[in-house]
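What follows is one structure encoded as structure tokens, with my remarks underneath.
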Amino acid sequence: MAGHSKFANIQHRKGGQDKKRAQAFTKIAREIQAAVKLGGPDPNANPRLFRAIVAGRAVNMPKDNIQRAVDRGGGAGAEQLDEIRYEGFGPVGVGIIVECLTDNKNRTAGDVRAAFAKNGGNMGETNSVSFGWKRVGEVRYAAAAASEDAMLEAAIEAGADDCAMENDQHVVTCEMNALVSVSQALAKRFGDAASAKFVWRPQVEVPIEGEPAELLMKLIDQLDDLDDVQDVYSNEEISEAEMARLSA
């Protein structure tokens, strides 16, 4: 599951693309700032910064924006951002993990809790969801970047654990400590990835359809729209027919 679940690949949003792009730039800039503050401004020596810059390039974030975020993260007045993970449950018990960067924990907790409450979900305790998931490195390429055989061969040579097609993308997974080396090896052959980051992968998925699926979509959308939220993951299992209905 990439980004924030399979729903991330359903084109159900109507308009507002400029707003979405601006939100993406803001979230990536905050991640860059946090990465620089913790590990310095050199992406070759700072894996977290490397991943954040890859994410920026993948959404065509201007180089000037990336550099400003790097400079801001290394400045004396850099914003103090705390990393927080919230866990909870959506309709029919779908597990949800919400990763945030915030300068105000109380505000973020209130916003996340309100999103769950308004959309048939409820907050859980720490590890109430994540105990059944695994944290891995993930690199994604568009299907057109290479054939399945070529990508699989390159992934194996790079030291990855798995390579599969998912929603018209090559999805390469690896251990967390191998993400930088794997993504760099693939980049030499296929260029910049669509994304290269740590993700949560569920061990068990929860079937969902109908009205609960629609409610889950609203919950994920509302969480994703929060400025303090960096990533949302969920473990729903949804059929192709249901995905087509939801995207109509």
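The values are calculated or read from the model by the stated rules, or taken from the named source; none is laboratory data. In this text, all values refer to a predicted model and were calculated from it rather than measured experimentally. Note that each Cβ is placed from the backbone with ideal geometry, even for glycine, and that neighbours are counted across all protein chains shown. Calculation scope for accessible area: heavy atoms of the full protein, side chains included, ligands and nucleic acids excluded. Shrake-Rupley method; radii C 1.70, N 1.55, O 1.52, S 1.80 Å.
Cβ contacts < 7 Å: first residue more than 19 Å from P202 (Cα to Cα), restricted to segment 221-233; second residue crowded, with 20+ Cβ neighbours inside 10 Å and of a type in the set (S, T, Y), any location; separation 6+ or different chain. Result? These pairs meet every condition: D228/T102; D228/T108.
Screening A155, A160 for residues that are over 25 Å from I96 (Cα atoms), at pLDDT 95 or above and not in a helix (DSSP H, G or I) leaves exactly one candidate, A160. Here D103 clears all of (1) open to solvent by 60 Å² or more (accessible area, probe 1.4 Å); (2) closer than 28 Å to I208 by Cβ; (3) touching a strand residue (DSSP E or B) at 6+ places or on another chain (Cβ under 8 Å) except the condition numbered (2). Take the conditions part of a strand (DSSP E or B) and touching a helix residue (DSSP H, G or I) at 6+ places or on another chain (Cβ under 7 Å) and apply them to V139. Does it pass? When the stated conditions are applied, V139 passes them.
When segment 82-108 is filtered for residues that are part of a helix (DSSP H, G or I), touching a residue at least 24 places away in the same chain (Cβ under 8 Å) and at negative phi, the ones remaining, listed by number, are P91, R107, T108. Annotation: D192 fulfils all but one of (1) at pLDDT below 95; (2) charged (D, E, K, R); (3) not in a loop (DSSP other than H, G, I, E, B); the unmet one is (3). What are the pairs with Cβ atoms under 6 angstrom where one residue, in segment 236-248, is farther than 20 Å from P202 by Cα and the other, located anywhere, is open to solvent by less than 60 Å² (accessible area, probe 1.4 Å) and not in a strand (DSSP E or B)? Sequence gap at least six, or different chains. Close Cβ pairs (under 6 Å, with a partner that is open to solvent by less than 60 Å² (accessible area, probe 1.4 Å) and not in a strand (DSSP E or B)) amount to L246/I10; S247/I10; S247/H12.
Within segment 6-21, the presence of a residue that is under 14 Å from the mean Cα position of the chain (by Cα) and modelled with pLDDT of 85 or more is excluded. Taking the criterion of being surrounded by fewer than 16 Cβ atoms within 10 Å (Cβ to Cβ), aliphatic (A, V, I, L, M) and over 20 Å from the mean Cα position of the chain (by Cα), the residues of segment 39-77 that qualify are A45, A76.
Counting just the residues of segment 163-189 that are in contact with a Phe, Trp or Tyr (Cβ under 7 Å, 6 or more places away or on another chain) and in a strand (DSSP E or B), which one comes out most open to solvent (accessible area, probe 1.4 Å)? Here the residue is Q169.
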